[in-house]
Structure formats: structure tokens, C-alpha cells
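Presented below is the structure to which this report refers.
The values are calculated or read from the model by the stated rules, or taken from the named source; none is laboratory data. Quick caveat, the model's predicted, so the values are computed rather than measured. Positions of Cβ are generated from backbone atoms using ideal geometry, with glycine treated the same way; all protein chains shown enter the neighbour counts. Areas reflect the complete protein model, heavy atoms only, side chains present, ligands, DNA and RNA absent. Shrake-Rupley method; radii C 1.70, N 1.55, O 1.52, S 1.80 Å.
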Amino acid sequence: MSTTAAPGASAKLTLGEVRKIDTEQGKLTIKHEAIENLQMPGMTMVFKAADPAMLQKLQVGDKIEFAAEKANGAMVVTTVQVVK
């Protein structure tokens, strides 16, 4: 039995910190822990927002939990929530 999530399944959320928000481009720079579903180690990188409206709720320095996936050659944040 496989423990790998099927495409479209809810991915485990990853902890990160917002470093930069570019609402004009719909992009978000996140310093993050390892992203399991992308087999990506922790680093700081730019993601595209699946919904640019999600950027309105964020501020630089916010601690967040997010889900990301690869779509059309770009890393896209599909879900984001501020950690209280």
C-alpha cells in the first residue's frame, strides 16, 4: 500500500515565514522547511499565489503554514494560513 498522496489530495502543510510579498506580480517569497510533496529541502524561494487575493491577508514576517505544488513549470502556493 502506498503512502504517497494522490494528485489533488490535500498535501501536508509546511511551516514557513513570509519574507516578501509582490501583490502586483501575485508572488510570495517564503523561507520554508522541507516541502514533502515536492521533495524539496528547506530554503528561501519565490512562489506564485494560486489566488492573488490570498496575499492580501499576509504581512512580511508572518509565520505561516502553506501547501504548494508544481503547476505549469512554476511553484504555486495553493493554501496559506497565518500561524497564531
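Note on Lys27: accessible area is roughly 80 Å² with a 1.4 Å probe, heavy atoms of protein only. Fully extending the segment from Gln56 to Thr23 would add 11.1 nm, taking 0.36 nm per residue of separation and subtracting the current Cα-Cα distance. Projected label points at Glu36 and Glu65, each 7 Å from Cα along the beta carbon direction, are separated by 1.2 nanometres.
Solvent-accessible surface of the chain, averaged per residue with a 1.4 angstrom probe and all protein chains in place: 67 square angstrom.
Fully extending the segment from Thr78 to Val46 would add 10.2 nm, taking 0.36 nm per residue of separation and subtracting the current Cα-Cα distance. The Cα atoms of the stretch 33-84 define a convex hull whose projected area, averaged across directions, is 3.8 nm².
For the chain, averaging the sequence separation of C-alpha pairs within contact (under 8 Å, six or more residues apart) and dividing by the residue count gives a relative contact order of 28 percent.
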